[in-house]
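Read the structure below first, then the notes.
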Amino acid sequence: PQDITTEATMKPFLHISRRLLLVGLTLCLSAPAAAQDVPNIAAAADLRVALTDVAAAFKRDTGQEVKLTFGSSGTFFQQIQQGAPFQLFLSADEQYATDLARAGKTVNAGTLYAIGRLAVVAPKGSPLTLDSNLTGLRNALARGQITRFAIANPEHAPYGARAREALQHVKLWQPLASKLVLGENVSQALQFAIAGGAQGGIVSYALVLDPAFAARASYKLLPATWHKPLRQRMVLIKGASPTAQRFYSYVQQPAARRILVRYGFALPGER
């Protein structure tokens, strides 16, 4: 007998094929979307070591990743105002975060996540004797032993602005002015201080607690009363993805806070 394929006999198979096609299309569309949710996070340079550890813990605990970009808070402030594709901003100076919120660029006013500190550093073999009241720096200057001294650019880097305040407090800003080497951010200032021919510098305490630092230089913590507090605030940028929102929350959780404390940050309310 002759096989006859009718519309009636094909309907069940056509229905199944359409369903399989829809399922396949859904998987193809949803998988890349999930894979693409790796938000770009703008973070102050003082967080280079600590936040890298936080991001690793976040991936371990949640299976999700973030892309960290470190730099000057003032530079990030300008870039975000101009539409740079960052989804979360962790500033070393809360004013930049607050100003973005007032400009309507953020989800809300954000939250304080840490209080930073300053440290004076000197590379191995430097004539600079370190102490917490900068007497060694004053003496080395008087002996003509300081030719290059590094800080972050105080015009847009919060740690540079606070380093200037600390030096002004002990009346060393003017004597050092002609010898200053300015980093684009505090991380670059640290590189200049220990590997750029400088005799020392003033940088973030969090960066010098990196285990790799000890083999190259030494440091002393400076009094927090010498400068305005380094109150560090983070804000979610409008349109932030679910992963960015989750990372924002994670930074406020005990696991992340323990890492911040390990790298010398004080937590809000503890100072």
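The values are calculated or read from the model by the stated rules, or taken from the named source; none is laboratory data. Quick caveat, the model's predicted, so the values are computed rather than measured. Note that each Cβ is placed from the backbone with ideal geometry, even for glycine, and that neighbours are counted across all protein chains shown.
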Quick one: is residue 232 surrounded by fewer than 21 Cβ atoms within 10 Å (Cβ to Cβ), under 17 Å from the mean Cα position of the chain (by Cα) and not basic (Lys, Arg)? no
Out of curiosity, is residue 25 more than 21 Å from residue 228 (Cβ to Cβ) and modelled with pLDDT under 95? yes
Flagged in the range 78-95 as free of Cβ contacts under 8 Å to residues at least 40 places away in the same chain and under 14 Å from residue 234 (Cβ atoms), in numbering order, are 95
Just for the range 235-254: of the residues that are in contact (Cβ under 8 Å) with a residue 60 or more places away in the chain and small (Gly, Ala, Ser), which one is surrounded by the fewest Cβ atoms within 10 Å (Cβ to Cβ)? 239
Please work out which residue is surrounded by the fewest Cβ atoms within 10 Å (Cβ to Cβ), limiting yourself to the range 51-66 and to residues that are assigned to a helix (DSSP H, G or I) and touching an Asp or Glu at 6+ places or on another chain (Cβ under 9 Å). 59
State yes or no: is residue 69 under 27 Å from residue 211 (Cα atoms) and part of a helix (DSSP H, G or I)? no
Scanning the range 175-207 for residues that are among the β-branched types (Val, Ile, Thr) and surrounded by fewer than 24 Cβ atoms within 10 Å (Cβ to Cβ), the one nearest to residue 153 (Cα to Cα) turns out to be 181
Could you please find all residues in the range 80-92 being crowded, with 17+ Cβ neighbours inside 10 Å and either part of a helix (DSSP H, G or I) or in contact with a Pro (Cβ under 7 Å, 6 or more places away or on another chain) (or both)? 80, 87, 88, 92
Note on the range 208-229: residues touching a Ser or Thr at 6+ places or on another chain (Cβ under 7 Å), surrounded by fewer than 17 Cβ atoms within 10 Å (Cβ to Cβ) and within 26 Å of residue 54 (Cα to Cα) are 221
Is it the case that residue 135 is surrounded by fewer than 18 Cβ atoms within 10 Å (Cβ to Cβ) and either charged (D, E, K, R) or under 28 Å from residue 262 (Cβ atoms) (or both)? no
Of the conditions (1) buried (at least 24 other Cβ atoms within 10 Å of the Cβ); (2) of a type in the set (A, V, I, L, M, F, W, C); (3) within 16 Å of residue 240 (Cα to Cα), residue 38 clears all except one; give me its number. (1)
Which helices (runs of 4 or more DSSP H) does the range 93-180 wholly contain that include 1 or more residues that are outside the structural domain of residue 213 (by TED's automatic domain parsing) and of a type in the set (A, V, I, L, M)? 94-102
Out of all the residues in the range 221-228, is one or more closer than 19 Å to residue 44 by Cβ and modelled with pLDDT under 95? no
